[in-house]
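The next block holds one structure in the form of structure tokens; read it before the comments.
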Amino acid sequence: MRTFSQLSSRILRGLSSILGDEAVDFWREQAGVLSSQNRCLARVYAKTQETADTFSFTLEFNELFAGFKAGQHLNVSVNIHEMVYTRSYSFSAHADQPRTARITVKRVPGGKVSGHLCDQVQVGDLLEVGQAFGEMTLEDTQALTSEGLLFLAAGSGVTPFMGLVEELATQGFPVPATLCFWARTPADLIYDARFEELANLNTNFNYVRIVEADANLARGDLLGRPSLVHLNQGCPDWHQRQVMACGPDGFMKAIDSLCKGKVAAFHAESFSPMVPVLDDAEVREVEVTLTRSNRIVKVESNKPLLKALQEQGINPKHGCGMGICNTCSCEKVSGTTRNLQNGTACSAGNAAVRICVNAAQSAVSLDL
């Protein structure tokens, strides 16, 4: 006798052969069904407010999700006014369950996706997601072979460290670990109570709060923007530590100047693209040919190709927007592009190019 599940699967396969996978998946999603033929989906299992403008989402994934490691990122896609937008968010928990994870989203002023997630997405809703990516993990950085760890975070850049600290806690903190967390005020410190709890329970973990206003000096808060004073007071042996840092562009530039070349190892991830501004004299208009869609558009030479195309109503597949996840990578058939993060140029034909961080420097043909 066939089970109901077997019959349902047979019916769905039959409908897919008639209507197509996309149509069946659409109606599955409307009905709140998590399983899918070819789309990695996640259901919001819980939604928790962390600060005034920050929410955590506990997600339950379908069978297509391959799992994650603490410290990695996840691409999340949402449909807003018939347009699909994708953003990357860090996992904010360690991987204790294969199909359950948590991400944390801070509302960005004017941010389409962060605003939608914080204000509109509720428990039970389905989200389309990608596979986990990123190399700021304990395994990939060989962190546990170091003399100790120093986590440096600002704002929502603390989210990957919540997962990393929780993973270290499950291992009994085999190496000393210190988290220095910068925020505007104590009220803006995401997971503050949890970090405090872990520090009180584990002598090998130290939690240092650094704020710009309303510091609790009696508690040990430090005051101000990133400086050597903070490093020396928060982690006196910081020169011997392996450092992992995450935060907005300005914070990351400050940390880079303080730490790079002065510590045992340095791994940094900015959650905003480090795109330099070119001199006005260098900006010119160049032609981009999209070979698959048979379109020709003109873009500015100082603008990432992804952004330039989106401004003209073209929305290629993309993910993090920071050159990390490789989702936007496509074949450059011909022409010269420049990586706006490191300044390197690529003139080779039939080369893969990440359009979120590369700009056209000459007439370019893309397989889009």
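Among the conditions (1) surrounded by fewer than 24 Cβ atoms within 10 Å (Cβ to Cβ); (2) assigned to a helix (DSSP H, G or I); (3) in contact (Cβ under 8 Å) with a residue 40 or more places away in the chain, residue 156 misses just one, which is (1). Of the residues making up region 161-198, just one is touching a residue at least 12 places away in the same chain (Cβ under 8 Å), surrounded by fewer than 17 Cβ atoms within 10 Å (Cβ to Cβ) and among the hydrophobic types (A, V, I, L, M, F, W, C), namely 187. Within region 342-363, identify whether any single residue is more than 25 Å from residue 132 (Cβ to Cβ) and basic (Lys, Arg), and answer yes or no. No; the residues of region 342-363 include none that is more than 25 Å from residue 132 (Cβ to Cβ) and basic (Lys, Arg).
From the list 39, 99, 87, the lone residue that is of a type in the set (Lys, Arg) and out of contact with any helix residue (DSSP H, G or I) (no Cβ under 8 Å at 6 or more places or on another chain) is 99. Within region 242-257, identify whether any single residue is open to solvent by 70 Å² or more (accessible area, probe 1.4 Å) and either farther than 24 Å from residue 143 by Cα or modelled with pLDDT of 95 or more (or both), and answer yes or no. Among the residues of region 242-257, not one is open to solvent by 70 Å² or more (accessible area, probe 1.4 Å) and either farther than 24 Å from residue 143 by Cα or modelled with pLDDT of 95 or more (or both), which makes the answer no.
Assess whether residue 95 counts as being among the small types (Gly, Ala, Ser), open to solvent by 40 Å² or more (accessible area, probe 1.4 Å) and part of a helix (DSSP H, G or I). Step through it out loud before you land on a result.
Numbers: among the small types (Gly, Ala, Ser): yes; open to solvent by 40 Å² or more (accessible area, probe 1.4 Å): yes; part of a helix (DSSP H, G or I): no.
No, not satisfied.
Each residue in region 220-235 was checked for being assigned to a loop (DSSP other than H, G, I, E, B), in contact (Cβ under 8 Å) with a residue 24 or more places away in the chain and either open to solvent by less than 80 Å² (accessible area, probe 1.4 Å) or among the β-branched types (Val, Ile, Thr) (or both), and 4 of them qualify. Selection within region 199-214: residues that are touching a Pro at 6+ places or on another chain (Cβ under 8 Å) and assigned to a loop (DSSP other than H, G, I, E, B). The member of this set that is surrounded by the most Cβ atoms within 10 Å (Cβ to Cβ) is 204. Only one of the numbered conditions (1) surrounded by 13 or more Cβ atoms within 10 Å (Cβ to Cβ); (2) out of contact with any His (no Cβ under 9 Å at 6 or more places or on another chain) is violated by residue 217, and that is (1). Going residue by residue through region 113-136, is there one that turns out to be of a type in the set (Asp, Glu), open to solvent by 30 Å² or more (accessible area, probe 1.4 Å) and within 30 Å of residue 240 (Cβ to Cβ)? Yes, there is a match, as at least one residue in region 113-136 is of a type in the set (Asp, Glu), open to solvent by 30 Å² or more (accessible area, probe 1.4 Å) and within 30 Å of residue 240 (Cβ to Cβ).
Evaluate region 126-133: report whether one residue or more is acidic (Asp, Glu), at pLDDT below 95 and under 18 Å from residue 101 (Cβ atoms). Checked against the condition, which is being acidic (Asp, Glu), at pLDDT below 95 and under 18 Å from residue 101 (Cβ atoms), region 126-133 yields at least one hit.
Residue-wise test of (1) among the polar types (S, T, N, Q); (2) in contact (Cβ under 8 Å) with a residue 40 or more places away in the chain.
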{"residue": "333", "(1), (2)": "no, yes"}
{"residue": "337", "(1), (2)": "yes, no"}
{"residue": "349", "(1), (2)": "no, no"}
{"residue": "362", "(1), (2)": "yes, yes"}
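Take the conditions (1) in contact with a Gly (Cβ under 7 Å, 6 or more places away or on another chain); (2) modelled with pLDDT under 90; residue 19 misses just one of them, which is (1).
Please indicate, with yes or no, whether at least one residue in region 30-43 is at pLDDT 95 or above, out of contact with any Pro (no Cβ under 7 Å at 6 or more places or on another chain) and open to solvent by 10 Å² or more (accessible area, probe 1.4 Å). Checked region 30-43: at least one residue is at pLDDT 95 or above, out of contact with any Pro (no Cβ under 7 Å at 6 or more places or on another chain) and open to solvent by 10 Å² or more (accessible area, probe 1.4 Å).
Please specify each residue of region 139-153 satisfying the condition of being open to solvent by 10 Å² or more (accessible area, probe 1.4 Å) and in contact (Cβ under 8 Å) with a residue 24 or more places away in the chain. Residues satisfying the conditions are 139, 140, 141, 144, 146, 147. The residue that is most open to solvent (accessible area, probe 1.4 Å), among those in region 319-355 that are part of a loop (DSSP other than H, G, I, E, B) and under 21 Å from residue 294 (Cβ atoms), is 350.
The values are calculated or read from the model by the stated rules, or taken from the named source; none is laboratory data. Model, not experiment: these values are computed from the prediction. Heads up, the Cβs are rebuilt from the backbone with ideal geometry, glycines too, and the neighbour counts pull from every protein chain shown. SASA here: full protein model, heavy atoms, side chains in, ligands and nucleic acids out. Shrake-Rupley method; radii C 1.70, N 1.55, O 1.52, S 1.80 Å.
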